[in-house]
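What follows is a short report on a single structure.
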Amino acid sequence: MSQRQPQGWPRLSPDGKRIARQIVDPVLGNPDIWVQNLHDGGDVRVTRDTGSDVLPVWSPDGRRLAYGSGTVK
């Protein structure tokens with residue numbers, strides 16, 4: 001991320017090489033899940049939804065992410 005953005009719930013992967021977090025989309029105003037490689041700084045957007053994707057949690061082996069998803073009514 002080259003710009004400062006509202007974000008939260010950072011979670012380090014079990015191997016300590018990646019961090020998952022929710023970052024607020026500046027256009028839609030809803031949080032999505034991103035993963036950053038701590039070695040090279042590369043970012044991957046995991047979700048792109050109009051609803052809120054929040055609270056990422058790594059699986060014990062670090063191969064999967066679980067997160068809450070939905071819309072508030």
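Structure values in brief
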{"quantity": "Per residue solvent-accessible surface (Å²) - the chain, probe of 1.4 Å", "calculated": "70 Å²"}
{"quantity": "Segment Val57-Trp9, length gained on full extension (0.36 nm per residue, minus Cα span)", "calculated": "16.4 nm"}
{"quantity": "Of all accessible heavy-atom area on the chain, the percent that carbon and sulfur account for (1.4 Å)", "calculated": "53 percent"}
{"quantity": "Net charge, Gly62 excluded, C-beta distance under 14 Å - Lys, Arg +1, Asp, Glu -1", "calculated": "+3"}
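The values are calculated or read from the model by the stated rules, or taken from the named source; none is laboratory data. All values reported here derive from a predicted model rather than from experimental measurement. Ideal geometry is used to build each Cβ from the backbone, glycine not excepted, and the neighbour counts take in all protein chains shown. All accessible areas refer to the heavy atoms of the entire protein, side chains included, with ligands and DNA or RNA removed. Shrake-Rupley method; radii C 1.70, N 1.55, O 1.52, S 1.80 Å.
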